[in-house]
Amino acid sequence: ENTHAWRACLTGLLGDYNVSPFAAAQDSKGQSIPADAGAFRSGDIRYVVMLPLKDMVPELNIGEISMDQLAKRALPATITLNARGEIYDLRNHSLAGSGNQFKTTITPMVAKVYAVVPRKPTLTLTIPSKVKPGQSFAFSLKSDLKGKLPVYVEVLDARKHPLDYFSGTRFASLDGASETLPIALDAETGTWTIRATNVITGKTIQKTFELK
């Protein structure tokens, strides 16, 4: 109770000085939901992380409940951010809302991660059309936003099998971030694929090259 009262007091004090929290949550009755929040920026992209606290369900014993049971304690909420733009939920790779406020559901002790951008980010993938076995080649990931746009890259061989040791998160940039991909000398020839997924929007693009 003292913790909740202190949070309410601090929120009111910050409001008096026009200092808004990174993120604030309210239930369907307009009551504040206790949550911790933080934010950081990369160019045009502002990331906001919010962790609803177990205090949102007072009788909840977080140490004796399964994730399935925890999910049943999710509550509808209105989230207000201290940044405006297109708001994307990174867990769902979907648009949560526009402006600085949107409705969603939140679960105690399950973090929510949002990206706030001035517009829907686009991604461009550039690769060579032909590559020789044993050759390393460069491909680029370009975004229309300033800052580092997270992209999940997958490489599929001629049999369309994903190569885990080539796959992972890269970052696109406004000037086109360059990545190097080494190809083994004994790699199977044929049509290979590079697939790039925009982590913010969930949109995937792909291009192919001939290994021969």
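Report the gain in length on full extension from TYR165 to VAL113: 0.36 nm times residue separation, minus Cα-Cα distance, nm rounded to one decimal.
So the chain would gain 16.0 nm between TYR165 and VAL113.
If you compute Cα Rg over 2.2 N^0.38 Å for the structure shown, which of (i) 1.34; (ii) 1.30; (iii) 1.18 do you land on?
So the structure-derived entry is (ii).
Please get the size of the charge dipole for the chain, origin at its Cα centre, with Cβ charges of +1 on Lys and Arg and -1 on Asp and Glu, quoted in debye to the nearest 20.
On the way: 25 positive and 20 negative charges, 140 e Å.
Charge dipole, the chain, about its Cα centre: 680 debye, nearest 20.
Sorted by packing (mean other beta-carbon atoms within 10 Å per residue), highest first, where do 71-81, 130-140 land?
Values: 71-81: 16.8, 130-140: 13.8.
Those peptides, ordered most packed to least, come out 71-81, 130-140.
Sort the stretch 56-133 into rounded, prolate or oblate with this rule: let a ≥ b ≥ c be the square roots of the eigenvalues of the Cα gyration tensor; rounded if a/c is under 1.5, and if a/c is not under 1.5, prolate when a/b is larger than b/c, oblate otherwise. Please report the intermediate quantities before stating the final value.
On the way: a/c = 4.41, a/b = 1.71, b/c = 2.58.
It is oblate, given that a/c is not under 1.5 and a/b is not larger than b/c.
Whenever you get a sec, compute what percent of the accessible area on the stretch 161-212 sits on carbon and sulfur atoms (1.4 Å probe). Present the calculation step by step, with values, prior to reporting the outcome.
Values: 1500 of 2890 Å².
Roughly 52 percent of what the probe reaches on the stretch 161-212 is carbon or sulfur.
Which whole-Hz ³J(HN,Hα) couplings does the stretch 27-40 yield from phi under the Karplus relation 6.51 cos²θ - 1.76 cosθ + 1.60, θ = phi - 60°, glycine and proline marked x?
Per residue, the Karplus-derived 3J(HN,Hα) values read 7, 5, 9, x, 7, 5, 9, x, 7, 9, 8, x, 8, 8 Hz.
Taking the mean number of other Cβ atoms within 10 Å as a proxy for protection, how do you rank 97-109, 177-189 from highest to lowest? Could you put the intermediate results ahead of the total?
Working: 97-109: 15.7, 177-189: 13.0.
Averaged packing, sorted descending, gives the order 97-109, 177-189.
The values are calculated or read from the model by the stated rules, or taken from the named source; none is laboratory data. Here the structure is a predicted model, which is why all the values come from computation and not from measurement. All Cβ positions, even for glycine, are placed from backbone atoms using ideal geometry, and neighbour counts span all protein chains on display. Just so you know, the surface numbers come from the protein's heavy atoms only, side chains and all, with ligands and any DNA or RNA stripped out. Shrake-Rupley method; radii C 1.70, N 1.55, O 1.52, S 1.80 Å.
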